[in-house]
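**Student:** Take this structure, written in structure tokens, and hold onto it; I'll ask about it next.
The values are calculated or read from the model by the stated rules, or taken from the named source; none is laboratory data. Treat the numbers as computed from the prediction; the structure is a model and nothing was measured. Positions of Cβ are backbone-derived with ideal geometry, glycine not excepted, and every protein chain shown enters the neighbour counts. Heavy atoms of the whole protein, side chains included, go into the accessibility calculation; ligands, DNA and RNA do not. Shrake-Rupley method; radii C 1.70, N 1.55, O 1.52, S 1.80 Å.
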Amino acid sequence: MTTTIQFKDASVGTSDGVEYLMIPLDGYESKVKARKFVAEAQDKPYVVELKRYYRKRSRDANSYFWVLAGKLAAVLRIPKEEIYRGYIEDIGDNFEIVEIRDEAKAAWVRNWSGRGLGWVCEDLGPSVTPGKSSIICYDGSSVYNTRQMSCLIDLIVHDCKEQGIETLSLDEIYRLKELWGERADESPSDTKAG
């Protein structure tokens, strides 16, 4: 059972000598999710992951990227999926470096890459630990926040302009980016880019 609740201003409180993380339930949806979780919880351990909330990009931004990728693919005569993967490494803060046992590398890369088109791994070679390699693992755009998706759009718009491909005006692109904030999507994306 998994649920996601967005919150601000959490605190720690004590009740009957036990400390609790207290999260304000703002809005109807948060209250319903919390009550449902408590009602359905079984007598088993659970884990809570706390992380900063980022607004997700809208499906319009994703669609616009793929329209441009298709046009660029036609001009460059390479698959649009290859164009997409080529940008992944240029985003900047969408990766982690892990040490993997050499005999487990192939399975790791297969599992990571199985998440979607943009989930790319690159072997950086032997790590300082004998018998292990360093692997850089890039996240696909399905988990990008607004800043990361904005960067992806900027990269493809730049390349399209260099190839003489018509794009939206700077004002239209700015408005598209503004919509990402207004149409925040709390659920993970199930869009084509991954």
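**Student:** On the basis of being among the aliphatic types (A, V, I, L, M) and modelled with pLDDT under 95, does V67 make the cut? Show your work before the answer.
**Tutor:** Values: among the aliphatic types (A, V, I, L, M): yes; modelled with pLDDT under 95: yes.
Criteria met by V67.
Residue-by-condition table, conditions (1) without any contact (Cβ under 8 Å) to a residue 40 or more places away in the chain; (2) farther than 30 Å from Q6 by Cβ; (3) touching a strand residue (DSSP E or B) at 6+ places or on another chain (Cβ under 9 Å):
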| position | (1), (2), (3) |
| --- | --- |
| V75 | no, yes, no |
| E81 | yes, yes, no |
| N111 | yes, no, no |
| D123 | yes, yes, yes |
| G131 | yes, yes, yes |
| Y138 | no, no, yes |
| T146 | no, no, yes |
| E162 | yes, yes, no |
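**Student:** Take the stretch 1-60 and flag every residue that is surrounded by fewer than 12 Cβ atoms within 10 Å (Cβ to Cβ), charged (D, E, K, R), in contact with a strand residue (DSSP E or B) (Cβ under 8 Å, 6 or more places away or on another chain) and modelled with pLDDT under 85.
**Tutor:** Within the stretch 1-60, none qualify.
**Student:** Yes or no: the stretch 158-175 includes at least one residue that is surrounded by 18 or more Cβ atoms within 10 Å (Cβ to Cβ) and among the aliphatic types (A, V, I, L, M).
**Tutor:** no
**Student:** Which one is least open to solvent (accessible area, probe 1.4 Å), of the residues in the stretch 130-151 that are part of a helix (DSSP H, G or I) and of a type outside the set (S, T, Y)?
**Tutor:** Result: M149.
**Student:** Does I91 meet the test of being open to solvent by less than 70 Å² (accessible area, probe 1.4 Å), in contact with a helix residue (DSSP H, G or I) (Cβ under 6 Å, 6 or more places away or on another chain), among the aliphatic types (A, V, I, L, M) and closer than 21 Å to T146 by Cβ?
**Tutor:** Yes, satisfied.
**Student:** Restricting to the stretch 116-129, give me the number of residues that are touching a helix residue (DSSP H, G or I) at 6+ places or on another chain (Cβ under 8 Å) and part of a loop (DSSP other than H, G, I, E, B).
**Tutor:** 5
**Student:** Tell me the residue from E99, E81 that is out of contact with any helix residue (DSSP H, G or I) (no Cβ under 6 Å at 6 or more places or on another chain), of a type in the set (D, E), surrounded by 10 or more Cβ atoms within 10 Å (Cβ to Cβ) and within 30 Å of I173 (Cα to Cα), please. Quick ask: steps written out before the conclusion?
**Tutor:** On the way: E99 fails: within 30 Å of I173 (Cα to Cα).
Testing whether each residue is out of contact with any helix residue (DSSP H, G or I) (no Cβ under 6 Å at 6 or more places or on another chain), of a type in the set (D, E), surrounded by 10 or more Cβ atoms within 10 Å (Cβ to Cβ) and within 30 Å of I173 (Cα to Cα) leaves just E81.
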